[in-house]
Amino acid sequence: MISIEDVSRKELEDLFLLADEMRGRRTDDLKGKIMASAFFEPSTRTRLSFESAMKRLGGEVIGFSSSEGTSIDKGESFSDTIRMLDRYSDVIVIRHRYEGAARRAAEVAEVPVINAGDGRGNHPTQAMLDLYTIWRKFGCIDGLTIGILGDLRYGRAANSFICGVSKYKVRLKLISPPPLRIRHEVRSKIGIDFEETFDLEKVLPELDVLYVTRIQKERFSDPSEYEKVKESYRITSSTLMKAKKDLVVMHPLPRVGEIDVSVDVTKHALYFDQAANGVPVRMALLKVIFGVV
Amino acid sequence: MSLIVRRIRNGTVIDHIKAGEALRVLEILDPDLLMEKVVAVVMNVKSKKMGRKDIVKVEEVELTPEQVNKIALISPRATINIIRNYQVAEKRYVKVPDRVDGIIRCNNPTCITNHPKESIRSVFLRVSEDPLIFRCYYCGSEMKREEIAKQLSR
């Protein structure tokens, strides 16, 4: 599972139904299986929800949450590290700072590889849980007007969400400061019409979903470019006064100021439920990968 | 028509190179060619098809398909004539390949193929022929003809 592009709409919807079945459950479906959790880059939600998902399915988890303390620090190559994990586990979940790391791991390993985020590239399981969250909230995704706000240039969650949501018949509004607009290679993958703007006030009243993302400070090669765009948007409860009453605000988290805490107590806030959905969605995905559905 | 460069007995004539690109074509071929073989370069000659074109003649060398593919990346209209005993024995039209392995280096510094501890042969897949665009199989970054030509001629 390297990219959301590899997943069909039908496969997504089967996954959503299975995720619904998994909510709050503990099973022995993956008893005796070991998941290697190879996080070369920091993570809270993705790593812990994958680990929780595997344990709730009766499986076990090995791994690391940074390259410190591993042989990578001694100079071992990424590919050799993956070759070892391949022999110690039944599935590898990988996060890495370099784009294409998961695809490389999938070439090297014989066991399945799940991309848990590669640089600014892809984050397919985040897109799955994002789409699942919308599907649960509205009962469907087709017909909705979806705005995606923030760093669409470097954000892998935003990129994967854009690719995932464009499998549906939605009205898509991409809202970002001009330097943070989507990259050409992502733009060419969007199979539906979309509008690009940085005028949130104008498009907000039309939106059913506002998906907010953090500016990816760590991916800017030039710090002065980051300084130009940092804090260029912030959602508060006042911002949402002109929104539809059923608008939901989502965020892949962590947030660092893009959504004020005043939004948390409004009925629009869906981001904590969204993060919680990571567990049933990843349980469903692991079941599909091991063929126990 | 007067001959600017004499005919070759055996070897390869690379014709219809975009005017001004002949030196780049030579640079992306095996550097040993330049060291050991007789090489003739003709630039900016008149062409009915192209207005102006460049021609490269290399004696005693028949280009391999891989070398022909490399030429396609920077001069997609070039034609390759294999010469045997002063006659054109074979005419090969360069074809922009669907996939290029190991020739182009990804421009994205954080592509896994550029990881300092990794030794990964790059793979690029063709997105479009005109304009020429290739996409890195690993990270998805795209490279246009101009970027490829610039890199290959370094």
Exactly one of B:Y93, B:Y86 is away from chain A (no Cβ under 14 Å) and touching a Ser or Thr at 6+ places or on another chain (Cβ under 6 Å), and that one is B:Y93
Give the stretch A:22-50 a look and list any residue that's surrounded by 15 or more Cβ atoms within 10 Å (Cβ to Cβ) and of a type in the set (D, E), or say none.
-> A:D29, A:E41
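Among the candidates A:L57, A:L85, A:L48, which residue alone is within 23 Å of A:E218 (Cβ to Cβ) and at pLDDT 95 or above?
Details: A:L57 fails: within 23 Å of A:E218 (Cβ to Cβ); A:L85 fails: within 23 Å of A:E218 (Cβ to Cβ).
On inspection, the qualifying residue turns out to be A:L48.
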Single unsatisfied condition, A:T125 versus (1) within 11 Å of chain B (Cβ to nearest Cβ); (2) assigned to a helix (DSSP H, G or I) = (1)
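Condition test on A:R97, is it over 27 Å from A:D14 (Cα atoms) and within 14 Å of chain B (Cβ to nearest Cβ)?
Values: over 27 Å from A:D14 (Cα atoms): yes; within 14 Å of chain B (Cβ to nearest Cβ): yes.
So A:R97 fits the description; yes.
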Report those helices (runs of 4 or more DSSP H) wholly inside the stretch A:141-224 carrying at least 1 residues which are at pLDDT 95 or above.
-> A:156-165, A:200-203
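Quick check: anything in the stretch A:211-226 of a type in the set (A, V, I, L, M) and buried (at least 20 other Cβ atoms within 10 Å of the Cβ)?
Taking the stretch A:211-226 as the starting set, the residues that turn out to be of a type in the set (A, V, I, L, M) are A:212, A:215.
Checking the rest, the ones that are also buried (at least 20 other Cβ atoms within 10 Å of the Cβ) come to A:212, A:215.
Scanning the stretch A:211-226, I find at least one residue that is of a type in the set (A, V, I, L, M) and buried (at least 20 other Cβ atoms within 10 Å of the Cβ), so the answer is yes.
Just the residues that are assigned to a helix (DSSP H, G or I) and either surrounded by 14 or more Cβ atoms within 10 Å (Cβ to Cβ) or under 10 Å from the mean Cα position of the chain (by Cα) (or both), please, taken from the stretch B:56-93.
If we filter the stretch B:56-93 for residues that are assigned to a helix (DSSP H, G or I), which is where we start, we get B:65-74.
B:E66, B:Q67, B:V68, B:N69, B:K70, B:I71, B:A72, B:L73, B:I74 - these are the residues of the stretch B:56-93 that are assigned to a helix (DSSP H, G or I) and either surrounded by 14 or more Cβ atoms within 10 Å (Cβ to Cβ) or under 10 Å from the mean Cα position of the chain (by Cα) (or both).
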Which fully enclosed strands (runs of 3 or more DSSP E) of the stretch B:99-154 have 1 or more residues being out of contact with any Pro (no Cβ under 6 Å at 6 or more places or on another chain) and either surrounded by fewer than 17 Cβ atoms within 10 Å (Cβ to Cβ) or more than 13 Å from chain A (Cβ to nearest Cβ) (or both)?
-> B:99-101, B:123-128, B:142-144
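Could you list all residues from the stretch A:245-286 that are of a type in the set (K, R) and either out of contact with any helix residue (DSSP H, G or I) (no Cβ under 9 Å at 6 or more places or on another chain) or in a loop (DSSP other than H, G, I, E, B) (or both)?
Listed by number, the residues that qualify are A:K245, A:R255, A:K267.
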Can you tell me which residue in the stretch A:148-177 is surrounded by the most Cβ atoms within 10 Å (Cβ to Cβ), limited to those that are basic (K, R) and farther than 24 Å from B:C139 by Cβ?
-> A:K173
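Quick check on the stretch A:105-113. Is at least one of its residues buried (at least 23 other Cβ atoms within 10 Å of the Cβ) and within 14 Å of chain B (Cβ to nearest Cβ)?
Among the residues of the stretch A:105-113, at least one is buried (at least 23 other Cβ atoms within 10 Å of the Cβ) and within 14 Å of chain B (Cβ to nearest Cβ), which makes the answer yes.
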Inter-residue pairs, beta-carbon under 6 Å, first at the interface with chain B (Cβ under 10 Å from one of its Cβ atoms) and in the stretch A:183-205, second outside any loop (DSSP other than H, G, I, E, B), 6+ apart = A:E185/B:E142; A:V186/A:N159; A:K189/A:C163
Residue under evaluation A:R234, criteria (1) in contact (Cβ under 8 Å) with a residue 12 or more places away in the chain; (2) crowded, with 16+ Cβ neighbours inside 10 Å, criterion not met = (2)
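The values are calculated or read from the model by the stated rules, or taken from the named source; none is laboratory data. Please read these numbers as outputs of a predicted model, since none were measured by experiment. We place every Cβ from the backbone using ideal geometry, glycine too, and count neighbours over all the protein chains shown.
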